[in-house]
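Colleague: This is the structure I have questions about; it appears just below.
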Amino acid sequence: GIYEASDLKGWEADLRQNIFTFGKLENGILIALDNLELAKQDLRKAKQDVIYNVASSYFNVIKTRELLKLFQDSLNMAGAHFDQVNAMQEQGIVAKNDVLRSEVAKISAEHNLIKARNANEITASILNSAIGNKIDEPINLKNMEFESLSNELPYTYSELLNNAFENRPDIKQINIAGNISDKNSRMAKAGMLPSITAQASYGWRNTNYPVSAINYDATSWAITGAASWNLFDGFNIQSKIKEADAQYRETLANKRAMEKAIELDVKQSYLEFGAANEMVKSSRKEVESASENYDVAENRFKNGLGTNIDVLDAQTVLTQAKTNLLSSQHELLLSLAKIEKSTGLSDLSKEDRAKQDRIYLEGYFKLIFLEGGFLGFIDKNGNKYDLYGTKSKELFQKISRAGKEYNAPD
């Protein structure tokens, strides 16, 4: 041998690869992706809450602004009537108590106007808060034509319910939670099976003896395989399997409860729209009748055929009728926002909403070798559909080639 110090240098590269883990790693990756989807649905829920809050705040501002105009008109009407009664009292046509009643009605109209101003300020501040503005920032909103409100929904109740089950983030989350529980169960069961890994290494080493002037290189490589199997761990794996199965059953129960809650939410918003729609129709008739009644009472009073009380009552009825109409129109707008939220459509774009008109079927494809061959589809109820078009031909060719390789035409 050579008894002297040597200079060593070299490198080595190692590669390790899992061959079979029987679902441990795969399910772990899929669970991580499912957790990412859960977070995305949380984001959707937050967006939908913001959209509904902004819409609700906006409709409240519109309502209070219209009420402010209404009570201002009511005050003008009460003031004009008070001036008229006061002039008639000076001429000895009416009694003093008629003047006092008219004055009380005018003061009441002033109170309503003060309340309306305060409500308008509050709703404007709430809207500013909802959209992230300063609380006292002025809000300029375009006039909304309530008369142009649609009295019909673009969807039937069953379509709304299908949209809710398809798009609501909470139902998607419960479905994802079920998938996670199922993967946890499979991952726990995979713990009872062995794990097989492979390892390869390649290296180079240089040895130099400077005194003896000897220098040589050496390369090395190795390929190894290993299998590990946990034979007993104190029933830890069995407990994890039971826990995962219990979580899966819990998720199924939660899904059934969630579906009932969604169905109730959609039903409630749908009925609220119908009720508000009917209220708008009846309130419009109420306003027409109250306006005519006020005109009749006012003319009768001017001509000495009616009393002051008749006019004051007619004013009150007219103001209340207009208030009822505004409230019902506001409820109609709010019910539309609730329907948007209850069906999970509020945060979707026009393109995504267009997809809701598609029909989803479960079934299987079948190659029909007639007239050159075409692709057929049979749903789970046995209904048959012929598929045509460029995409259908491409799919037919792919499936046909696969069928010839495996002798499986169906």
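The values are calculated or read from the model by the stated rules, or taken from the named source; none is laboratory data. What you see is a predicted model; the values in this text were computed from it and never measured. All Cβ positions, glycine included, derive from the backbone under ideal geometry; neighbour counts span all protein chains shown. Accessible surface is based on the protein model in full, side chains and every heavy atom, while ligands, DNA and RNA are left aside. Shrake-Rupley method; radii C 1.70, N 1.55, O 1.52, S 1.80 Å.
Colleague: So which of Val296, Val266 is of a type in the set (Val, Ile, Thr) and more than 32 Å from the chain's Cα centre (by Cα)? Before you say what the answer is, go through the steps one by one.
Modeller: On the way: Val266 fails: more than 32 Å from the chain's Cα centre (by Cα).
One residue alone meets the criteria, Val296.
Colleague: Also: Which is small (Gly, Ala, Ser) and either touching a Ser or Thr at 6+ places or on another chain (Cβ under 8 Å) or within 30 Å of Gly304 (Cβ to Cβ) (or both), of Ala32, Ala87, Ala39?
Modeller: Being small (Gly, Ala, Ser) and either touching a Ser or Thr at 6+ places or on another chain (Cβ under 8 Å) or within 30 Å of Gly304 (Cβ to Cβ) (or both) holds for just one of Ala32, Ala87, Ala39, which is Ala87.
Colleague: Can you name the residue in segment 213-248 that is more than 29 Å from Gln199 (Cβ to Cβ) and hydroxyl-bearing (Ser, Thr, Tyr) and is also nearest to the chain's Cα centre (by Cα) among such residues?
Modeller: This residue is Tyr248.
Colleague: Which numbered condition in (1) closer than 27 Å to Lys338 by Cα; (2) modelled with pLDDT under 85 is the only one that Gly23 fails?
Modeller: Here Gly23 clears every test but (1).
Colleague: Looking at Ala164 and the list (1) hydrophobic (A, V, I, L, M, F, W, C); (2) under 27 Å from the mean Cα position of the chain (by Cα); (3) not in a helix (DSSP H, G or I), which single condition is not satisfied?
Modeller: Condition (3) is where Ala164 drops out.
Residue by residue, here is whether (1) touching a residue at least 40 places away in the same chain (Cβ under 8 Å); (2) under 30 Å from Phe22 (Cα atoms) holds:
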{"position": "Ser212", "(1), (2)": "yes, no"}
{"position": "Asp217", "(1), (2)": "no, no"}
{"position": "Thr224", "(1), (2)": "no, yes"}
{"position": "Asn230", "(1), (2)": "no, yes"}
{"position": "Ser239", "(1), (2)": "no, yes"}
{"position": "Tyr248", "(1), (2)": "yes, yes"}
{"position": "Lys260", "(1), (2)": "no, no"}
{"position": "Lys267", "(1), (2)": "yes, no"}
{"position": "Ala276", "(1), (2)": "yes, no"}
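Colleague: Which is open to solvent by 70 Å² or more (accessible area, probe 1.4 Å), in contact with a helix residue (DSSP H, G or I) (Cβ under 7 Å, 6 or more places away or on another chain) and touching a residue at least 12 places away in the same chain (Cβ under 8 Å), of Ile135, Ile126?
Modeller: Values: Ile135 fails: touching a residue at least 12 places away in the same chain (Cβ under 8 Å).
Exactly one of Ile135, Ile126 is open to solvent by 70 Å² or more (accessible area, probe 1.4 Å), in contact with a helix residue (DSSP H, G or I) (Cβ under 7 Å, 6 or more places away or on another chain) and touching a residue at least 12 places away in the same chain (Cβ under 8 Å), namely Ile126.
Colleague: Would you confirm, using the coordinates I've provided, whether Asp42 is surrounded by 15 or more Cβ atoms within 10 Å (Cβ to Cβ), under 35 Å from the mean Cα position of the chain (by Cα), part of a helix (DSSP H, G or I) and acidic (Asp, Glu)? Walk me through how you get there before you give the answer.
Modeller: On the way: surrounded by 15 or more Cβ atoms within 10 Å (Cβ to Cβ): no; under 35 Å from the mean Cα position of the chain (by Cα): yes; part of a helix (DSSP H, G or I): yes; acidic (Asp, Glu): yes.
No; evaluated as a whole, the condition is false for this residue.
Colleague: Just the residues that are over 60 Å from the mean Cα position of the chain (by Cα) and either aromatic (Phe, Trp, Tyr) or in a helix (DSSP H, G or I) (or both), please, taken from segment 82-108.
Modeller: Quick first cut of segment 82-108, residues over 60 Å from the mean Cα position of the chain (by Cα) only: 87-96.
Residues satisfying the conditions are Ala87, Met88, Gln89, Glu90, Lys96.
Colleague: Follow-up question, since we're still on this one. Can you name the condition, by its number, that Gly79 falls short on among (1) buried (at least 17 other Cβ atoms within 10 Å of the Cβ); (2) over 35 Å from the mean Cα position of the chain (by Cα)?
Modeller: Every listed condition holds for Gly79 apart from (1).
Colleague: Of everything in segment 320-352 that's touching a Leu at 6+ places or on another chain (Cβ under 7 Å) and of a type in the set (S, T, N, Q), which residue is most open to solvent (accessible area, probe 1.4 Å)?
Modeller: Thr323
Colleague: Cβ contacts < 6 Å: first residue among the aliphatic types (A, V, I, L, M), restricted to segment 161-181; second residue not in a helix (DSSP H, G or I), any location; separation 6+ or different chain. Result?
Modeller: Ala164/Thr343; Ala164/Gly344
Colleague: Applying the selection to segment 287-305, what residues are among the charged types (D, E, K, R), farther than 22 Å from Asp98 by Cα and touching a helix residue (DSSP H, G or I) at 6+ places or on another chain (Cβ under 9 Å)?
Modeller: Of everything in segment 287-305, just one residue is among the charged types (D, E, K, R), farther than 22 Å from Asp98 by Cα and touching a helix residue (DSSP H, G or I) at 6+ places or on another chain (Cβ under 9 Å), namely Glu288.
Colleague: Residue by residue through segment 196-234, note down the ones that are among the small types (Gly, Ala, Ser) and not in a strand (DSSP E or B). Before the answer, list the steps.
Modeller: First pass over segment 196-234, keeping only residues among the small types (Gly, Ala, Ser): 198, 200-201, 203, 212-213, 218, 220, 222, 225-228, 234.
Scanning segment 196-234 gives Ser212, Ala213, Gly234.
Colleague: Looking at segment 47-59 only, could you name the residues that are open to solvent by less than 50 Å² (accessible area, probe 1.4 Å) and over 8 Å from the mean Cα position of the chain (by Cα)?
Modeller: Within segment 47-59, Tyr52, Val54, Ala55, Ser56, Ser57, Phe59 qualify.
Colleague: Turning to a different aspect of this structure: When segment 195-232 is examined, which residues are found to be exposed (fewer than 12 other Cβ atoms within 10 Å of the Cβ) and under 22 Å from Asn184 (Cβ atoms)?
Modeller: Ser228, Trp229, Phe232 - these are the residues of segment 195-232 that are exposed (fewer than 12 other Cβ atoms within 10 Å of the Cβ) and under 22 Å from Asn184 (Cβ atoms).
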